[in-house]
Structure formats: C-alpha cells, structure tokens
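Asker: A single structure is presented below for examination.
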Amino acid sequence: MAYYVDRNVKMTWWERIYLPEILRGMYITSRHFFLNLFGFIPFFLGTSKRRKIFTVYYPEETVKYPAAYRGRPVLAINEQGRPNCVACGLCEAACPAYCIDIVPAENSGKQNEVERWPKEFTIDYAVCIFCGFCEEACPEEAIFMSDNCEISMLDRKDMKYNLQQLSVPIAQLKDRLEFTRKMYGKWNY
Ligand code: SF4
Ligand code: SF4
C-alpha cells in the first residue's frame, strides 16, 4: 500500500498552540523508550516467547519490507526462463546516475522470441541511487526495484552485477509488479 502526504490538512486551534502537541510527541517517544527498555524482561524470565520490543536484531532477524520499498533494481525472468527485457535502452537513458550499461543483440532465433535482447546488462550498485526511474521508464515490465538491500561488498568492483546476477524469477517480484501496475496506472501511464 502506498502512502501519500495530505498537504491540505488544517490544524485545529489545539494543534496551533503547539505546546500540547510537543508534550504528546514526547509522551509517545518516552513510551517507546521504556517499552524497549523493559520489553526484554518477560522474555528473560521465560514468561513470554518473544521480546516485546520494536527493534530487531539484524542480521539474525529481518523484517519484511513493504512493496513500496526500493531495494536494488533487478531484471525479471519470465515463465519461459527469459528476461522480459528487449534492450530498448530506456532505463539506461532515464538513469540519473549512469550506472546501467546494456549491450543489445539481435535475435538469432535461439536466445529469445523477441527481436532484440540484452547480450550484456550491468548495473553498478556502487553508483545506483535507488531512485526507481529505470523501473518507471521500462515499457516491458522487465526491471523492478526489489526488496533486497544487502549488497555491501569489500571491493567496489564486485558491486557491478551482470545479467546473470541481476536475474530474478518474475514470481518472486509479484508484489512489486502489482504495486507498480497500480501506481503507474494511477498516474495514467
Ligand atoms: S534505481 Fe535509479 S540510479 Fe539505480 S539503476 Fe535505476 S535509474 Fe539508475
Ligand atoms: S529493462 Fe526495460 S527499459 Fe531497460 S532496456 Fe530492458 S526493456 Fe528497455
């Protein structure tokens, strides 16, 4: 579900006098602080199986990111095992960080059913700013912002992913696919 900021909200007189809202904010912050501080106790006493805290012990524990999350961009592989990409280059042109490189090839009748296909496709995650413009520009539902953000490396060169490393089965991108269809449909693309 996408979240939009409603900029037409009118403040009540109670909100406009400011101080009560500051105190309310401090109350909420303090409540979270003390809940986190004492939320371990039932777990350590054995009376609860889960810690009642808001933080997670990453990387041992992870959370599921919402479909709107923009992790590393990946290439969708369709049910026939081929990339949806037709090497049109629109994502490459839309990318403000110039981190996409595509080498197109013409179909020889073996690689793909479409006329063109990407012989090489690289994204340099060391340069990518995770803006999602590539996904927005793509006419083929071929590139998606995934929920994967674990791309730290010891060598910057290793952050340049090739076609094989970028490929993800479309079934794993179902949530994002539905999200983009709704989002771009809303903007009448
Ligand atoms: S997310 Fe933005 S910066 Fe990253 S590859 Fe796509 S267009 Fe380029
Ligand atoms: S990912 Fe999409 S926009 Fe980029 S080259 Fe392939 S089909 Fe074109």
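Asker: Need at least 2 residues that are in the same structural domain as Met145 (by TED's automatic domain parsing) and within 30 Å of Phe133 (Cα to Cα) per element, so show me which helices (runs of 4 or more DSSP H) inside the stretch 1-117 make the cut, counting only ones lying wholly within it.
Answerer: Passing ranges, in order: 90-94.
Asker: Here is a further query. If only one of Cys95, Cys99, Cys131 is within 16 Å of ligand 1 (Cβ to nearest atom) and touching a residue at least 40 places away in the same chain (Cβ under 8 Å), which one is it? Reasoning before the result, please.
Answerer: Values: Cys95 fails: touching a residue at least 40 places away in the same chain (Cβ under 8 Å); Cys99 fails: touching a residue at least 40 places away in the same chain (Cβ under 8 Å).
Checking each option against the conditions leaves just Cys131.
Asker: List pairs: first in the stretch 134-148 and in a loop (DSSP other than H, G, I, E, B), second more than 6 Å from ligand 2 (Cβ to nearest atom) and aliphatic (A, V, I, L, M), Cβ under 6 Å, 6+ apart or cross-chain?
Answerer: Sorted first by the residue in the stretch 134-148, then by its partner, the pairs are Ala142/Ala76; Ser146/Val74.
Asker: Could you pull out the residue among Glu120, Glu115, Glu141 that is within 13 Å of ligand 2 (Cβ to nearest atom), modelled with pLDDT under 90 and not aliphatic (A, V, I, L, M)?
Answerer: Criteria check complete, one pass: Glu115.
Asker: Among the residues of the stretch 133-173 satisfying the criterion of being small (Gly, Ala, Ser) and buried (at least 16 other Cβ atoms within 10 Å of the Cβ), which is nearest to Gly81 (Cα to Cα)?
Answerer: Out of the qualifying residues, it is Ser167.
Asker: Something else now. For the stretch 144-165, check the following and say yes or no: at least one residue is more than 14 Å from Glu92 (Cβ to Cβ), within 11 Å of ligand 2 (Cβ to nearest atom) and modelled with pLDDT of 95 or more.
Answerer: Of the stretch 144-165, the ones more than 14 Å from Glu92 (Cβ to Cβ) are 144-162, 164-165.
Going one step further and asking which of them are within 11 Å of ligand 2 (Cβ to nearest atom), we end up with 144.
From what is left, the residues that are modelled with pLDDT of 95 or more are 144.
The answer is yes; a qualifying residue exists.
The values are calculated or read from the model by the stated rules, or taken from the named source; none is laboratory data. What you see is a predicted model, and the numbers here were worked out from it, not measured in a lab. As a convention, Cβ positions derive from the backbone with ideal geometry for all residues, glycine included, and neighbour counts pool all protein chains shown.
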